[in-house]
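Student: Have a look at this one before I ask anything.
Read the figures in this text as sums done on the coordinates, not as results from a lab. Everything numeric here is computed off the predicted structure, so don't read it as measured data. Because the Cβ atoms are built from the backbone with ideal geometry, glycine has one as well, and the counts that use them run over all protein chains shown.
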Amino acid sequence: MKILKIKKSGLAAIGICVMSVLVSCNDDFLYEEPLSSLSADNTLVSVAGFETYLTGLSWAAREEYSQDDNTFFITNFPGTDVGEDAGAEYFTYRNWISYLTSVTPEVGRNWNWAYGTLLPQANTVIVYANKEENNGIWESDAQKNAVIAEARFYRAYAHNFLANLYGGVPIVDTILNVPKYDYVRAGRQEVYEFAKNDLEFAAQWLPSANQTAPGRISKGAADHLLTELYISLGQYEKAIESASRVIESGDYRLMTSRFGSSQSESGDVFSDLFKDGNFNRSSGNMESIYVWQFESFTVGGGGTRDGNQAVRNFGPFFVRILDPNGVPNVPTDEMGRGVGRVRGTVYSLYEIWNDANDIRNSPYNMRRDFHYNNPNSEYFGQVVPPKTSAEDTLRSMYSYPRKIEGEPWNLNNTSGRTSKDVYVYRLAETYLLRAEAYLRNGNTDKAAEDINALRARANAGLISPGDVSLDFILDERARELLFEEPRRRTLIRMGKLVERVKQHGLLESSRNTIQDYNGLWPIPQVVIDANIGAELEQNPGY
C-alpha cells in the first residue's frame with residue numbers, strides 16, 4: 001500500500017487552508033468558521049490532523065515532478081551535458097541568450113512551486129506544532145519533534161532547491177496573515193546555512209527507514225540531503241560524516257543480486273532497480289532512500305498531471321516511424337508513447353560507455369535497437385534500419401535508458417505516462433556525494449573506493465585514485481543516474497554547468513550561446529515587479 005492514496009478534494013482543502021493562513025480580514029463579524037473543513041485551525045489540533053498535513057506535504061513535494069507535463073524535464077535535462085531538445089517544435093536551450101530570461105516559463109513555475117506550494121505547507125506544520133495550545137496533544141517530545149522534523153526536511157529541500165537554481169533567495173521561515181511586499185534576497189551561503197540547520201534537526205528526530213511508510217521521509221533522507229548541503233558550504237568533513245551515517249547505518253545497502261518482482265525475468269540487478277513494484281523496501285530494495293509514489297486508478301495517486309511522465313518526455317516519438325509501405329508503428333505496453341521531448345546527447349548515450357562489461361549499458365538497461373511493431377505491417381518484427389532524416393534520428397528513434405519504461409498509466413499505453421515510482425534519492429548517489437566530499441577534502445583513495453563500489457556492482461573496471469576528478473564523478477553520475485538525478489541542479493551546484501555544456505552539449509548553437517552568467521537562473525520578473533516594498537535584485541546578466 002502506498003502512502004499517497006488520498007482524495008484530491010482533501011488535497012485541495014489543504015491548499016485552501018494554507019492560503020487562509022496567509023490572508024486574513026480585520027472585520028471579525030465577517031469571519032465564519034467552517035467546523036467540518038480542513039483548515040489549519042480545525043485540523044492541526046490532533047496528531048491525526050498533523051498526519052493529514054504531512055501526507056499533504058508528501059503530495060506537495062511530488063508536485064515538483066507532476067505539476068504539469070514537462071516543467072520537471074525542461075528544468076533538469078535539455079541544455080545540459082546529458083540532454084537536449086529533440087523535436088523540431090521544441091526550442092529551449094538551443095539558444096541560451098534568447099531562451100533563458102526572467103520570463104521563461106519554468107523559471108517562474110519552479111519558483112512558484114517552492115514558495116507557493118511546498119514552503120507554505122511546511123511552515124504551517126512547523127508553526128502549529130510549536131503552538132503552546134497544542135502541547136497537550138503529543139505523547140512525548142519525540143513524537144512532536146518527529147512531526148516538526150519531517151516538515152523541516154521539506155523546508156530545507158525547498159530552500160536548497162531554490163539556492164541551487166537561483167543563488168541567493170528570500171528565506172521564508174513562517175506563515176503570514178498579511179501580504180508582504182518587501183522580501184529581500186539572503187546570500188546563497190546564508191540560504192544553505194538555513195537549510196543545513198533544518199536538516200540537522202531533521203536528521204536527529206526523524207525515524208529510521210524501517211519505521212517509515214513508502215513516500216515518507218526518514219533519517220537517511222535527511223542525512224543524504226545534509227551531505228549535499230555540507231558540500232555546498234565547504235564543510236567536507238561533515239559531509240563525509242553525514243554520508244557515512246547513511247551508508248554505514250545498516251538500514252541501506254547497494255543491491256548486488258537480483259531481487260523483487262522481476263528477478264525471474266531476463267535482466268540484471270541494475271534493471272531490477274527500475275522495474276515496477278521494486279522501488280520501495282517492501283520489494284527487498286535496500287538501496288531506496290526517498291521515493292515519489294505513483295499509483296494508477298487511485299484518486300490523488302498521480303499528482304496534478306497524473307502519473308510518471310518520463311516515457312512521454314524521454315521516449316522517442318516512435319509511432320512516427322513508418323515501415324517501407326508507410327505503415328506506422330504503434331504504442332506498446334513496454335515502450336509506451338513518447339513524444340521525444342528530451343533526448344540524450346552523444347556524450348550521455350555513447351561517449352561515457354567505454355567499458356564493454358558495464359551492465360548499465362546492457363540491453364536490459366539501454367534500448368538501442370528498434371523493431372517494426374505494427375502487426376499489420378509485413379515488416380513486423382524486423383529491425384528498423386538507421387534513419388537519415390534529422391527529425392527521425394533526433395526525435396523519433398534514438399537510444400535511451402530503459403529505466404523510463406514501465407506499466408502504462410491506468411493501463412492506457414497511449415497516455416505517455418506510467419505508474420512507475422520515481423527515485424528522489426537512492427544509496428548509489430550517497431556514495432557519489434561522499435566520493436565528491438572525499439575528493440574536495442583531498443582524499444582520492446577514499447573517493448576511488450566509493451566510486452568503485454558502484455563500478456563493481458556494474459561489473460565495470462575499477463579505477464585508481466589518480467583517475468578521480470570532479471569531471472570523472474560527473475561521468476560516473478551520468479552512468480549511474482542518467483535521467484534520474486536533476487542534472488542541471490547538480491551541474492549548477494558544482495559550478496560546472498557552463499563548462500560541461502560547452503564541452504558536451506549536443507547542439508552547436510547551445511554550446512556557442514551559453515554564457516558564464518547562465519551558471520544561475522534569473523529571478524522571475526513577475527516576482528521582482530510585485531515586490532514593491534524593497535528591491536529584489538536580479539542576477540547579473542539577465
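Student: Which whole-percent values make up P(r) of region 144-264 when all C-alpha to C-alpha distances are grouped in 5 Å steps starting at zero?
Tutor: P(r) over region 144-264, rounded to whole percents: 2, 11, 18, 19, 18, 13, 9, 6, 3, 1, 1, 0.
Student: May I pose another question? Below 8 Å, C-alpha to C-alpha, sequence gap of six or more: please give me the relative contact order for region 340-431 in percent. Intermediate results must be reported in sequence, preceding the final value.
Tutor: Details: 70 pairs, mean separation 22.5, N = 92.
Taking the mean separation of contacting Cα pairs over the length of region 340-431, I get 24 percent.
Student: So how do 312-321, 462-471 stack up, highest first, on mean other-Cβ count within 10 Å?
Tutor: Numbers: 312-321: 22.8, 462-471: 14.0.
Final packing ranking: 312-321, 462-471.
Student: Tell me which residues come under 5 Å, amide H to amide H, from residue 424 once H is placed; ignore anything under 5 positions away on its chain.
Tutor: The answer is 290, 291, 292.
Student: If you don't mind, there's one more thing I want to ask. Students often check this: by mean Cβ neighbours within 10 Å, which of 299-307, 415-423 ranks highest, and how do the rest follow? Before the final figure, lay out each step's value.
Tutor: On the way: 299-307: 19.6, 415-423: 22.7.
Ranked by mean Cβ neighbours within 10 Å, highest first: 415-423, 299-307.
Student: What 222 nm value per residue comes from the helices of the chain, counting each DSSP H run with n ≥ 4 as -39,500 (n - 2.57) and dividing by all residues, nearest 500 deg cm²/dmol?
Tutor: Values: 20 runs with 215 residues, N = 542.
Helices in the chain give a 222 nm mean residue ellipticity of -12000 deg cm²/dmol.
Student: From the residues 397, 350, 415, which one has its Cα farthest along the dipole of region 299-420 in the positive direction, the dipole being from +1 and -1 charges on Cβ of Lys/Arg and Asp/Glu about the Cα centre?
Tutor: In region 299-420, that residue is 415.
Student: What does region 299-420 give for Rg and for Dmax, in Å, if only its C-alpha atoms count?
Tutor: Radius of gyration, then largest Cα-Cα span, for region 299-420: 14.9, 45 Å.
Student: For region 375-390, what does the Karplus curve 6.51 cos²θ - 1.76 cosθ + 1.60, with θ = phi - 60°, yield as ³J(HN,Hα) per residue in whole Hz, taken in order and with x for Gly and Pro?
Tutor: Along region 375-390, the couplings run x, 7, 8, 6, 9, 3, x, 7, 5, 6, x, x, 9, 10, 6, 4 Hz.
Student: Collect residues whose amide H, placed 1.01 Å from N in the peptide plane, falls under 5 Å from the amide H of residue 461; neighbours closer than 5 in sequence don't count.
Tutor: Excluding prolines and chain starts, which carry no amide H, there are no hits.
Student: Please report 237, 106, 190, 405 as a ranked list, fewest other C-beta atoms within 10 angstrom at the top and most at the bottom.
Tutor: On the way: 237 10, 106 19, 190 15, 405 25.
Fewest-to-most ranking of 237, 106, 190, 405: 237, 190, 106, 405.
Student: Turning to a different aspect of this structure: Kindly flag which residue pairs out of 196/420; 238/502; 238/446 have an alpha-carbon separation exceeding 24 Å in this structure.
Tutor: 196/420; 238/502
Student: Taking amide H atoms as placed 1.01 Å from N in the peptide plane, list the residues 5 or more away in sequence, or in a different chain, whose amide H sits under 5 Å from that of residue 443.
Tutor: Hits under the 5 Å cutoff: none.
Student: While we're looking at this one, here's another question. Could you work out the equivalent-ellipsoid semi-axes for region 177-323, taking the square root of 5 times each eigenvalue of the Cα gyration tensor, largest first, in whole Å?
Tutor: 33, 25, 17
Student: For residue 403, go through the aspartates and glutamates and keep the ones whose alpha-carbon is under 12 Å away, minus same-chain ones fewer than eight residues off.
Tutor: Straight-distance partners of residue 403: 272, 276, 334, 421, 480, 484.
Student: Normalised by the residues of the chain, what does the relative contact order come to in percent, with Cα pairs under 8 Å and at least six apart?
Tutor: Details: 1011 pairs, mean separation 109.4, N = 542.
It comes to 20 percent, rounded to a whole number.
Student: Indicate, rounded to the nearest 5 percent, the antiparallel portion of the DSSP beta bridges found entirely in the chain. Intermediate results must be reported in sequence, preceding the final value.
Tutor: Values: 14 of 15 bridges.
If we restrict to bridges inside the chain, about 95 percent are antiparallel.
Student: Specify which labelled value, from (i) 19, 44, 27, 7, 2, 0; (ii) 21, 50, 26, 2; (iii) 21, 56, 21, 1, agrees with P(r) over Cα pairs in 20 Å bins from 0, in percent derived from the coordinates of the model shown.
Tutor: Of the labelled values, this structure produces (iii).
Student: Under unit Cβ charges (Lys, Arg +1; Asp, Glu -1), what dipole magnitude, rounded to 20 debye, does the chain have relative to its Cα centre? Provide the component values of the computation, followed by the final result.
Tutor: Numbers: 54 positive and 70 negative charges, 166 e Å.
For this selection, approximately 800 debye.
Student: If you place +1 on the Cβ of every Lys and Arg and -1 on the Cβ of every Asp and Glu, how big does the dipole about the Cα centre of region 478-542 come out, in debye to the nearest 20? Intermediate results must be reported in sequence, preceding the final value.
Tutor: Values: 9 positive and 9 negative charges, 76 e Å.
Result for region 478-542 is approximately 360 debye, rounded to the nearest 20.
Student: Show me the ranking of peptides 330-340, 127-137, 152-162 by mean Cβ neighbours inside 10 Å, starting with the highest. Show your work: numbers first, answer last.
Tutor: Working: 330-340: 20.3, 127-137: 13.6, 152-162: 26.0.
Per-residue mean Cβ counts within 10 Å order the peptides as 152-162, 330-340, 127-137.
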